[in-house]
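Enquirer: Before I ask anything, let me first share the structure, which is written out below as structure tokens.
The values are calculated or read from the model by the stated rules, or taken from the named source; none is laboratory data. Source: prediction; values computed, not measured. Positions of Cβ are generated from backbone atoms using ideal geometry, with glycine treated the same way; all protein chains shown enter the neighbour counts. Surface accessibility is based on the protein's heavy atoms, side chains included, excluding ligands, DNA and RNA. Shrake-Rupley method; radii C 1.70, N 1.55, O 1.52, S 1.80 Å.
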Amino acid sequence: MIADLFVDLFVNLFVDLLVERSVHRFALSLLLLALSALIALPLMGASAAPDAERPVRLCVDPAWAPFEYLDKQGQHQGMAAEYWQRMTDRVGLRTEIVPTESWEASLEKAKRRECDVLTLAMKTPGRSQHWLFTKPYVSYPFVLATRSGAPSVSRLEEVADKTLAAVKGYAYTELVRERYPQIRFIEVENISEGLERVRRGEAYGLIDSLATVAFAIQQAQLHELKVAGRFADRWDLAIAVRNDRPEWLPFFDAMTQSLTAEDRREIENRWLAAWIESPPDLRWLWASLVVLALSALLAGFFSWRQRQSSKQTALLEQLNEALTEARDRAERSEARYAELAGQSRSYAWDVDQDGYYTDVSDSVETVLGYRPEELIGRAFWDIMPAEERDQMRDLGLAMIREGDYLAGFENQVVDCNGRRLWVSTSGMPMRDQSGEIVGFRGIDIDVDERRQQRDLLQYYAFYDGLTEIANRRLFLERLDAAIAHFVRHAMSVAVLAFDLDHFKVVNDTYGHAAGDALLRQFATLAQSCLRRGDLLARLGGEEFAALLFETNAEGALQTAERIRACVAAEPRLFESHQIALTVSIGVTCIRENDSPESLLARADASLYAAKQLGRNRVVIHDSIPAAEVA
């Protein structure tokens, strides 16, 4: 059968020769084919195809769309199913599906030799004890799906203190658990259950491949979820063959190599289509205006033609019909615009050249609580924040005078209850028949929730969601700025590194809720011991750091000792439990040619020394013997 693959490849090359008419390309490809054959000959001698008398039994993931799944009739569907169809057709291999209820059940059946092959599997040390793996033939990045209000992440370390969902038996769970043992996992039967748990808040996020997460979110219309992080690690998927049939591996490896770029492109395009959610189409507003203008022109033309010869009666009737149709279109367009405006929480308005409302749509009551008649006759700046009214009045009146257009200008307005909200304003000048500007026509769209979410995302890009203090990113930025200030002005700077002692025992004994509570209490206590201008940050897990400005070694030691003593002074309270807590602290001061990395490395070395000396103590870097630092 491997020989058949080379025959197929040769035929494809010959077709290329006929289509491309490139002898040089054909000769080069033929040379590469010959080399491939020479490499494959030893494998062919040591390999064997599965028995043609009995179909190869396949175990699949029954619920991993779009990669693969079993439909209601138990048929294999998805990208893997199409890949297998093309590969097996080329080699004449017979297969049959062994149905299971979950991926974990498929793995168990494969271990018991109830199936011969796993169609899509990622190689891990644990799985290599049972199966042999071909080269990967499908590869997609890992992503983290969260609720839409969660901040974006670039590294898994940033969510190491969160609870994440993962499908039982998936390889990535095994790998992540080894690399980040502090991450808490909820195991689910399939990706749909995992996303539902994220939606309900039972898990912070779900880890899976980009293709499956995007497909599942779209299929289930889970618009409150998003892809919050995409990681460098990839889901490299191969065929897994039972390890008591090593002679099959070269056959299946060659089978995957038969997939062409065109095969992949066709299958991926069919299963991984892109969905784009568009904003409300406000072109109906402008379409209405254009149709109305056209109606006016037709009416004028109609009047002029009436004064002409009676021979044009038939044409006048046609124009009259066109005018009626245009007016009907205008009414339908306005009705549809009104419907869209109501759905998108928006309202349309006209102001005169002095900025006073002459018309406001009824939907303003939904957005601002005002009835249209309450705004007509008032200036547009009357419903803006008091401190911005003068500036917005001058800006708006200048725009009206100049005849400028406006698109997507975000500004604040005040509703009837005095609450501020953000709107996006778009509009165009209104002109009379002579072309003179007589006012401005526009629309305000409520974007307050979107704006708040964006502000929240910006906040959590620099602050820790659990303790509400600075995160690693903000700490490193401030540390870099402090080093630059030291270079220019010789300002002394100290860095403290903290680690809560035996914190894992707290989590294991009292639960992660207790651990989270203690982290918040420590952040509050440590912050109270610092000066107003100093910066406390949570770097991850139970690790914290502080940046002390204009502080020498003696002052840094005093501050560190004060924090250590306050933490150890009395137990921390959680529900009915009193939990003893201590902290180890490493101290270092800035030096010439320091970088943020070198400063933190010295502080970490001091912290490590404090823990080695028995914990619940403060160690400054200069006191560590050179051998220990090395």
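Enquirer: Of all residues in the stretch 555-589, count the ones that are charged (D, E, K, R), modelled with pLDDT of 90 or more and touching a helix residue (DSSP H, G or I) at 6+ places or on another chain (Cβ under 6 Å). So that I can check it myself, show each step before the final result.
Expert: To start, the set of residues in the stretch 555-589 that are charged (D, E, K, R) comprises 561-562, 564, 570, 572, 575.
When the remaining residues are screened for being modelled with pLDDT of 90 or more, the result is 561-562, 564.
Narrowing further to those that are touching a helix residue (DSSP H, G or I) at 6+ places or on another chain (Cβ under 6 Å): 562.
Residues in the stretch 555-589 being charged (D, E, K, R), modelled with pLDDT of 90 or more and touching a helix residue (DSSP H, G or I) at 6+ places or on another chain (Cβ under 6 Å): 1 in total.
Enquirer: Filter the stretch 570-581 down to residues that are open to solvent by less than 80 Å² (accessible area, probe 1.4 Å) and outside any loop (DSSP other than H, G, I, E, B), then give me how many there are. It would help to see each step written out before you state the result.
Expert: At the first step, the residues of the stretch 570-581 found to be open to solvent by less than 80 Å² (accessible area, probe 1.4 Å) are 571-572, 574, 577, 579, 581.
When the remaining residues are screened for being outside any loop (DSSP other than H, G, I, E, B), the result is 572, 574, 577, 579.
Residues that pass the stated criteria total 4.
Enquirer: Read through the list (1) open to solvent by less than 70 Å² (accessible area, probe 1.4 Å); (2) modelled with pLDDT under 85; (3) touching a strand residue (DSSP E or B) at 6+ places or on another chain (Cβ under 7 Å), then give the number of the only condition that A238 fails.
Expert: All conditions pass for A238, except number (2).
Enquirer: Suppose the filter is farther than 24 Å from E550 by Cβ, hydroxyl-bearing (S, T, Y) and either open to solvent by less than 20 Å² (accessible area, probe 1.4 Å) or over 36 Å from the mean Cα position of the chain (by Cα) (or both); does S584 pass it? If you could, list the steps in order and put the result at the bottom.
Expert: Numbers: farther than 24 Å from E550 by Cβ: yes; hydroxyl-bearing (S, T, Y): yes; either open to solvent by less than 20 Å² (accessible area, probe 1.4 Å) or over 36 Å from the mean Cα position of the chain (by Cα) (or both): yes.
Yes: the conditions hold for S584.
Enquirer: Which residue, of V567, V487, V505, V493, is among the β-branched types (V, I, T), over 30 Å from W422 (Cα atoms) and within 35 Å of the chain's Cα centre (by Cα)?
Expert: Details: V567 fails: within 35 Å of the chain's Cα centre (by Cα); V487 fails: within 35 Å of the chain's Cα centre (by Cα); V493 fails: within 35 Å of the chain's Cα centre (by Cα).
One residue alone meets the criteria, V505.
Enquirer: Any idea which residue in the stretch 429-453 is nearest to the chain's Cα centre (by Cα), counting only those that are surrounded by 14 or more Cβ atoms within 10 Å (Cβ to Cβ) and more than 16 Å from E410 (Cα to Cα)?
Expert: If we take residues in the stretch 429-453 being surrounded by 14 or more Cβ atoms within 10 Å (Cβ to Cβ) and more than 16 Å from E410 (Cα to Cα), then R441 is nearest to the chain's Cα centre (by Cα).
Enquirer: Which ones in the stretch 156-179 are within 23 Å of N507 (Cα to Cα), open to solvent by 40 Å² or more (accessible area, probe 1.4 Å) and not aliphatic (A, V, I, L, M)?
Expert: Selection gives E157, E158, K162, E174, R177, E178, R179.
Enquirer: Please enumerate the residues belonging to the stretch 488-515 that are in contact with a Lys or Arg (Cβ under 8 Å, 6 or more places away or on another chain), at negative phi and open to solvent by 60 Å² or more (accessible area, probe 1.4 Å).
Expert: Across the stretch 488-515, the qualifying residue is only H512.
Enquirer: While we're here: For the structure I just gave you, tell me whether L107 is touching a residue at least 40 places away in the same chain (Cβ under 8 Å) and surrounded by fewer than 21 Cβ atoms within 10 Å (Cβ to Cβ). Spell out how you get there, then give the answer.
Expert: On the way: touching a residue at least 40 places away in the same chain (Cβ under 8 Å): yes; surrounded by fewer than 21 Cβ atoms within 10 Å (Cβ to Cβ): no.
Against the criterion (touching a residue at least 40 places away in the same chain (Cβ under 8 Å) and surrounded by fewer than 21 Cβ atoms within 10 Å (Cβ to Cβ)), L107 does not qualify.
Enquirer: Checking D244 against (1) farther than 17 Å from A150 by Cβ; (2) outside any strand (DSSP E or B); (3) open to solvent by less than 50 Å² (accessible area, probe 1.4 Å), which single condition isn't satisfied?
Expert: (3)
Enquirer: Consider Q458 carefully, then state whether it is at pLDDT below 90, open to solvent by 80 Å² or more (accessible area, probe 1.4 Å) and not in a strand (DSSP E or B). Give the steps one after another, and end with the answer.
Expert: Values: at pLDDT below 90: yes; open to solvent by 80 Å² or more (accessible area, probe 1.4 Å): yes; not in a strand (DSSP E or B): yes.
In short, yes.
Enquirer: Looking only at the stretch 390-403, count every residue that is surrounded by 13 or more Cβ atoms within 10 Å (Cβ to Cβ), assigned to a helix (DSSP H, G or I) and more than 38 Å from the chain's Cα centre (by Cα) and tell me the total. Spell out the reasoning first.
Expert: Of all residues in the stretch 390-403, those surrounded by 13 or more Cβ atoms within 10 Å (Cβ to Cβ) come to 392-393, 395-397, 399-400, 403.
Filter once more, keeping what is assigned to a helix (DSSP H, G or I): 392-393, 395-397, 399-400.
Next, only the ones that are more than 38 Å from the chain's Cα centre (by Cα) stay: 393, 397, 399-400.
Number of matching residues: 4.
Enquirer: Kindly provide the set of residues from the stretch 516-561 that are among the small types (G, A, S) and either within 17 Å of E158 (Cα to Cα) or surrounded by 22 or more Cβ atoms within 10 Å (Cβ to Cβ) (or both), ordered by number. Steps first, answer last, please.
Expert: Residues of the stretch 516-561 among the small types (G, A, S): 517, 523, 526, 528, 533, 537, 540-541, 545-546, 553, 555-556, 560.
Within the stretch 516-561, A526, A537, G540, G541, A545, A546, A556, A560 qualify.
Enquirer: Can you name every residue in the stretch 419-457 that is among the charged types (D, E, K, R) and under 20 Å from S346 (Cα atoms)? Before the answer, list the steps.
Expert: Residues of the stretch 419-457 that are among the charged types (D, E, K, R), as a first pass: 419-420, 431-432, 436, 441, 444, 446, 448-451, 454-455.
Of everything in the stretch 419-457, those that are among the charged types (D, E, K, R) and under 20 Å from S346 (Cα atoms) turn out to be R419, R420, R441, D444, D446, D448, E449, R450, R451, R454.
Enquirer: Next question, about the same structure. Considering only residues that are open to solvent by 20 Å² or more (accessible area, probe 1.4 Å) and touching a residue at least 60 places away in the same chain (Cβ under 8 Å), which ones fall in the stretch 200-213?
Expert: Going residue by residue through the stretch 200-213, those that are open to solvent by 20 Å² or more (accessible area, probe 1.4 Å) are 200-202, 204, 210.
If the condition is that a residue be open to solvent by 20 Å² or more (accessible area, probe 1.4 Å) and touching a residue at least 60 places away in the same chain (Cβ under 8 Å), then L210 is the only one that fits.
Enquirer: Does R184 satisfy the condition of being closer than 22 Å to Y460 by Cα and open to solvent by 30 Å² or more (accessible area, probe 1.4 Å)? Even if it seems obvious, please write down each step before you answer.
Expert: Values: closer than 22 Å to Y460 by Cα: yes; open to solvent by 30 Å² or more (accessible area, probe 1.4 Å): yes.
Considered against the rule, which asks whether it is closer than 22 Å to Y460 by Cα and open to solvent by 30 Å² or more (accessible area, probe 1.4 Å), R184 comes out as yes.
Enquirer: Moving to a separate point now. Select from the stretch 587-598 the residues that are without any contact (Cβ under 8 Å) to a residue 40 or more places away in the chain and under 37 Å from the mean Cα position of the chain (by Cα) and list them in ascending order. Explain how you work it out, then say what you get.
Expert: From the stretch 587-598, those without any contact (Cβ under 8 Å) to a residue 40 or more places away in the chain are 591-593, 597-598; that's our starting set.
If the condition is that a residue be without any contact (Cβ under 8 Å) to a residue 40 or more places away in the chain and under 37 Å from the mean Cα position of the chain (by Cα), then E597, S598 are the ones that fit.
Enquirer: Could you look through the stretch 524-564, keep only residues that are of a type in the set (K, R) and farther than 18 Å from R478 by Cα, and pick out the one that is farthest from the chain's Cα centre (by Cα)?
Expert: R562
One line per residue, one yes/no per condition, for (1) acidic (D, E); (2) more than 33 Å from the chain's Cα centre (by Cα); (3) modelled with pLDDT under 65; (4) more than 30 Å from V188 (Cα to Cα):
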position: A3; (1), (2), (3), (4): no, yes, yes, yes
position: L9; (1), (2), (3), (4): no, yes, yes, yes
position: L13; (1), (2), (3), (4): no, yes, yes, yes
position: L28; (1), (2), (3), (4): no, yes, yes, yes
position: L41; (1), (2), (3), (4): no, yes, yes, yes
position: D51; (1), (2), (3), (4): yes, yes, no, yes
position: E68; (1), (2), (3), (4): yes, no, no, no
position: I97; (1), (2), (3), (4): no, yes, no, no
